[in-house]
1. Name every residue in region B:239-262 that is crowded, with 24+ Cβ neighbours inside 10 Å and at pLDDT 95 or above, in order of residue number.
2. Check off (1) modelled with pLDDT of 95 or more; (2) in contact with a Phe, Trp or Tyr (Cβ under 9 Å, 6 or more places away or on another chain); (3) surrounded by 22 or more Cβ atoms within 10 Å (Cβ to Cβ) for B:Arg304 and give me the number that stays unchecked.
3. Within region A:119-143, how many residues are within 22 Å of A:Thr93 (Cβ to Cβ) and either at pLDDT below 85 or assigned to a loop (DSSP other than H, G, I, E, B) (or both)?
4. Is there a residue in region B:276-296 that is crowded, with 16+ Cβ neighbours inside 10 Å, free of Cβ contacts under 8 Å to residues at least 24 places away in the same chain and among the acidic types (Asp, Glu)?
5. What number goes with the only condition from (1) closer than 23 Å to B:Gly175 by Cα; (2) free of Cβ contacts under 8 Å to residues at least 60 places away in the same chain that B:Arg121 does not pass?
6. Collect the residues in region B:21-35 that are under 21 Å from B:Leu67 (Cβ atoms) and near DNA strand D (Cβ under 7 Å from one of its atoms), keeping them in residue-number order.
7. Suppose the filter is assigned to a helix (DSSP H, G or I), closer than 21 Å to A:Pro65 by Cα, at pLDDT 85 or above and more than 8 Å from chain A (Cβ to nearest Cβ); does B:Leu152 pass it?
8. On the basis of being under 19 Å from A:Leu110 (Cβ atoms) and in contact with a strand residue (DSSP E or B) (Cβ under 8 Å, 6 or more places away or on another chain), does A:Ala314 make the cut?
2 protein chains.
Amino acid sequence: MVKKPSKKPAERRSAVAKTPTLADIAAEVGVTKITVSRALNAPEQLSPATLEKVRAAIKRSGYTPNLLAGSLSSNRSRLIVALVPSIAGAMFTATMQKVAEHLQEHGYQLLIGQAGYDDAREDALLEAVIGRRPDGIILTGIVHSAQARQKLRAARIPVVETWDLTPKPIDMLVGFSHPAIGKAAAEYLWKRGCRRPAIISPDDRRARLRAEAFSAVFAAKKYAVPVVEAPAPTPMGDGRSGLTALLKTHPDIDGVFCGSDNLALGALIEAKARGIMVPRQLRIIGYGDQSYGKDADPPLTSVRIDGAAIGRIAAEMLIARATGRPPKHKVVDVGFTLVERAST
Amino acid sequence: MVKKPSKKPAERRSAVAKTPTLADIAAEVGVTKITVSRALNAPEQLSPATLEKVRAAIKRSGYTPNLLAGSLSSNRSRLIVALVPSIAGAMFTATMQKVAEHLQEHGYQLLIGQAGYDDAREDALLEAVIGRRPDGIILTGIVHSAQARQKLRAARIPVVETWDLTPKPIDMLVGFSHPAIGKAAAEYLWKRGCRRPAIISPDDRRARLRAEAFSAVFAAKKYAVPVVEAPAPTPMGDGRSGLTALLKTHPDIDGVFCGSDNLALGALIEAKARGIMVPRQLRIIGYGDQSYGKDADPPLTSVRIDGAAIGRIAAEMLIARATGRPPKHKVVDVGFTLVERAST
DNA sequence: CCGGGAAATGTTACCGGTAACATTTCGAAG
DNA sequence: CTTCGAAATGTTACCGGTAACATTTCCCGG
């Protein structure tokens, strides 16, 4: 079984000039690879003279460490992936911002993946994400299939679910109760004298949880709350048309619980266009407390979620895990605040 | 020089049960690693019987391929990274959406990194991104340092810059001319009879390009356009306060060129609150043509950018590159549209 | 001048895949 | 029953780093 000797490495792969590697730097300086590796990851272990020489060589060559190789070897990728249903969702941006900041301080990098609303795609994305072996995954309000949950568990990657309080978290969780919000909004409107409220809601699962809890409160008072749904993400226009639709079938409504500030703002505009006095004749309450709500006329009452806090806590949890320290709490409820303004 | 024999592999690394690898699957089925690899990447090369057995074993074990290892070996990561200045920027979401769709169809994955407004951070992020050896990078309106540009070139990773027409692109480019927009807006307002316009603008570089070109047109007509700047990203409130500030010093203005629809909407609200008739006394024009603009009262004239087209073209360029085919054009100008509505 | 421990650097063997080439198997033609 | 090329599978050597342990260097007190 005679075998031809294989070609020399240099000829093996593509012929174009490669980017420099650790070995190149090491050869240039006259040390071994591990010394260069230490210059990057544990500089305090090297003598000042060696460190200086290595750094100079790195700068000269424009060397950029291949993190794929490093991660593969060390089994730590210093990468956290956050999956959001849609990049467009204004709600999550504050959270992501905070997560990115926090992680950066600890030498981790955040990459954001868009899961979309398609279930098959979600599975494929998750597979790809797990394949890259991140040190942690942040899930934002994603409906994951049983199979996906199974894969996540099997991968042994720390997971934080956010923006919701699911009954059986995969691992860790930072969120709040959507039904509690619906209930609070209903009770608040009732207290303000509202007796015939309606709902305009996005058609996503969590918005429905809020809407249902809202309806339940009034159902207990023998009133069936009319509901109009609009496909997420909801533009302002859907708030206008939503109110129009509601008024056609229920001209006597005296309040609207909107599933997003966008919808609420649209309803507000439509009400004004029709000469309906807000809040005198119609009380409007939104959700999300977007920055533009307080600039509306009248300023918009809304439910405020501390997205930044969610981000901070989620990041802390993952960092704690990555450093071998278990987080104090695996489940955190950040609650919500009803911000009262002139629209109610 | 006697050396102790090293410990067996199983004892070398962490003792916890590992996730399965290609080798595990191969052993279970009774083939070699490469056969399992082919089952995943080139199933047509295997006999139906073998393929079936391998697939069954994969499913049974819950195996997820380690893409770090695969990418390292094959030198293709099937990963495209997009860097945006801020996740919150509503403008880029349409682009990212389209990019994600397009890439997914071709088996690539999109990950989004937030560069932030900090320059030092931008360099660090870029280093980390290059380190992960993506097959392509999409830059959205980022001011990159000379050093960063150098690194990008050295990394030989295909790069598409977007949302701008820079004079010396790093590699490929899909954008439009910001000065052309400023000029067009100015000429349009002039034609509508506007003689004393003002500007409310975010303080980012590209918004300034538009503002300066706008001012230049009126400077040629011997009128110095007053400017108010607000820190990006601009909330509606800054539009309100911006108009207030302008009216204090220039009570005779008859038009406002706003650097974002948010600012324009804020100005609109403030004008209404002051009883200023729009467009009769004050013409307002925005930028971005966000969905809520047409629901404003009056509907907002704005400059529309086809963000989806930018995304599609950028993705096409990168895919073309990745498949060895050079793209038809390295620089594409997608232009813009002035959408005329009742606010002017 | 020597011993010994800390500091600095080196050696070896992987991490988990894929490229490139080699070999074996198999069906159909001669 | 060969022969032969295509199809199926295997072998070997990496990709570019890091872990774990080994060795060498250096400095200091005795």
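The values are calculated or read from the model by the stated rules, or taken from the named source; none is laboratory data. These numbers were taken from a predicted model, which means no experiment stands behind them. No Cβ is skipped: glycine too gets one built from the backbone with ideal geometry, and neighbour counts run over all protein chains shown.
1. Of all residues in region B:239-262, those crowded, with 24+ Cβ neighbours inside 10 Å come to B:239, B:242-243, B:255-262.
Passing the criteria: B:Gly239, B:Gly242, B:Leu243, B:Gly255, B:Val256, B:Phe257, B:Cys258, B:Gly259, B:Ser260, B:Asp261.
2. Only one criterion is unmet by B:Arg304, namely (3).
3. Going through region A:119-143 one residue at a time, the tally reaches 6.
4. yes
5. (1)
6. Scanning region B:21-35 gives B:Thr32, B:Lys33, B:Ile34, B:Thr35.
7. On the way: assigned to a helix (DSSP H, G or I): yes; closer than 21 Å to A:Pro65 by Cα: yes; at pLDDT 85 or above: yes; more than 8 Å from chain A (Cβ to nearest Cβ): yes.
Taking the combined requirement at face value, the residue satisfies it.
8. Details: under 19 Å from A:Leu110 (Cβ atoms): yes; in contact with a strand residue (DSSP E or B) (Cβ under 8 Å, 6 or more places away or on another chain): yes.
Spelling it out, A:Ala314 is indeed under 19 Å from A:Leu110 (Cβ atoms) and in contact with a strand residue (DSSP E or B) (Cβ under 8 Å, 6 or more places away or on another chain).
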